[in-house]
Structures are given as structure tokens and as C-alpha cells.
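Colleague: Take a look at this one; I'll ask things after.
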Amino acid sequence: MSASRDPSAYPVIVRTVPPEQGTGYAAEVPDLPGCTASGNTPAEATAAARDAIILWIEEARRTGQPVPPPSERLREVTQ
């Protein structure tokens, strides 16, 4: 995997799950459509998102789909 497709290079946005939808935290990877995860804590949600990024990239490559590069501008905002 090239450095530009390193899972840790992709920004992850973690939000608290709204009370009407349950408990815990939801993580989204804006650069990879549909790449989401969840966890009981922000750290768990982030770790699950990193695993989801790896799977997302593997599936895209397996099916011949392009893998978008990580968003540098969004990364600056989420750190």
C-alpha cells in the first residue's frame, strides 16, 4: 500500500450517536463513500474506522475501483 493510501492518512470524523438512535460514537471517513464504523468510545470508533478503511481500500482494488487520496485540507481540521 502506498503512503498516500495509508489508512492513518485518512481523516476520520467521530460524533456522538444521537440519543434517539442509541449510544456510543459513530465514525465517518468522508473521503471514502460509505466508509463508517462505530464504537462505545471515541477511540473504539476511530480504531474501527481504521479497520474499515483497510477493508474499503481492499474491496475497491479487488473490484478495480479508484481509491481516492486522503483529503489534506480535511485532515488539518480533524487533527
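The values are calculated or read from the model by the stated rules, or taken from the named source; none is laboratory data. Since this is a predicted model, take the numbers as computed values, not measurements. Quick reminder, even Gly has a Cβ in these numbers, built from the backbone with ideal geometry, and neighbours come from all protein chains shown.
Colleague: How many residues are surrounded by 15 or more Cβ atoms within 10 Å (Cβ to Cβ) and either in contact with a Cys (Cβ under 9 Å, 6 or more places away or on another chain) or in a strand (DSSP E or B) (or both) if we restrict to segment 13-43?
Modeller: Final tally of qualifying residues: 11.
Colleague: Every residue in segment 11-37 that is in contact with a Gly (Cβ under 6 Å, 6 or more places away or on another chain) and under 26 Å from Arg73 (Cβ atoms), please.
Modeller: If the condition is that a residue be in contact with a Gly (Cβ under 6 Å, 6 or more places away or on another chain) and under 26 Å from Arg73 (Cβ atoms), then Tyr25 is the only one that fits.
Colleague: Test Thr46 against the criterion of being polar (S, T, N, Q) and either over 13 Å from the mean Cα position of the chain (by Cα) or at pLDDT below 95 (or both), and give yes or no.
Modeller: no
Colleague: Inside segment 44-59, can you point out the residues that are buried (at least 16 other Cβ atoms within 10 Å of the Cβ) and either of a type in the set (Gly, Ala, Ser) or not in a helix (DSSP H, G or I) (or both)?
Modeller: Residues satisfying the conditions are Ala45, Ala48, Ala49, Ala52.
Colleague: Another question, then. Any residue in segment 34-48 that's within 14 Å of Pro7 (Cβ to Cβ): show its pairings with residues that are loosely packed, with under 15 Cβ neighbours inside 10 Å and not β-branched (Val, Ile, Thr) at Cβ separation under 9 Å, as long as the two are six or more apart or on different chains.
Modeller: Correct list of pairs: Cys35/Leu55; Ala37/Asp51.
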